[in-house]
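Inspection log for the structure reproduced underneath, given as structure tokens.
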């Protein structure tokens, strides 16, 4: 345990997701040894992000104006919406350059253990978008874990009866992975999603 400001800094860094006590201590000492100019740049970046960044009024992705750059892009396909859990998922899908539609960010996944239900996510806003637009397909791209599966099932039930095609991203074995290290769910999904090979 350290005294005063150093311990306060370690405690605050330790509250960040994915930062354990040792990492928090390492970061704190790195900041102590850094030039004042470098620390000020970090401080300014944190202040700027809190002051400027908000959520898009349409899809709930991060934005610096009312709409994110994707919703503001008139070249995007309005007929398909890809539903994701977090803004970081939008970035991951955009890197593939495979999807040209728009997104809807739920703001998390259904998790009864954590007290997160459908009302805590942006389901109502998604329904409003679907009711007043020309969307013909909703692609569910929630994480392939327990919470993501529960969210996908809830969403699929919610959309049943609407004249919209509902699809789910395929999941299975990663390229370069070994079968012996795959869990049962992943391996099962790989079997379900198998495709015909042309000789």
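Table for the structure above
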{"read-out": "Residue among 137, 147, 180 that is at pLDDT 90 or above and farther than 16 Å from residue 81 by Cα", "value": "147"}
{"read-out": "Residue tally, condition in a loop (DSSP other than H, G, I, E, B) and touching a strand residue (DSSP E or B) at 6+ places or on another chain (Cβ under 8 Å), over region 72-87", "value": "6"}
{"read-out": "Scope region 88-105; condition assigned to a loop (DSSP other than H, G, I, E, B) and either over 20 Å from residue 126 (Cβ atoms) or touching a helix residue (DSSP H, G or I) at 6+ places or on another chain (Cβ under 7 Å) (or both); matching residues", "value": "97, 98, 99"}
{"read-out": "Some residue of region 61-79 being under 14 Å from the mean Cα position of the chain (by Cα) and either on the phi > 0 side of the Ramachandran plot or not assigned by TED's automatic domain parsing to the domain that holds residue 9 (or both)", "value": "yes"}
{"read-out": "Test: residue in region 29-48 that is in contact with a strand residue (DSSP E or B) (Cβ under 8 Å, 6 or more places away or on another chain), farther than 29 Å from residue 154 by Cα and surrounded by 11 or more Cβ atoms within 10 Å (Cβ to Cβ)", "value": "no"}
{"read-out": "Any hit, region 57-71, residues being under 28 Å from residue 193 (Cα atoms) and assigned to a loop (DSSP other than H, G, I, E, B)", "value": "no"}
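Each row is one residue, and each column tells you yes or no for (1) part of a loop (DSSP other than H, G, I, E, B); (2) surrounded by fewer than 17 Cβ atoms within 10 Å (Cβ to Cβ); (3) not assigned by TED's automatic domain parsing to the domain that holds residue 103.
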site: 124; (1), (2), (3): no, yes, no
site: 127; (1), (2), (3): no, yes, no
site: 139; (1), (2), (3): no, no, no
site: 147; (1), (2), (3): no, no, no
site: 154; (1), (2), (3): no, no, no
site: 158; (1), (2), (3): no, yes, no
site: 163; (1), (2), (3): yes, yes, no
site: 174; (1), (2), (3): yes, yes, yes
site: 177; (1), (2), (3): yes, yes, yes
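The values are calculated or read from the model by the stated rules, or taken from the named source; none is laboratory data. Bear in mind that the values here come from a model prediction, so they are computed numbers and not experimental data. Note that each Cβ is placed from the backbone with ideal geometry, even for glycine, and that neighbours are counted across all protein chains shown.
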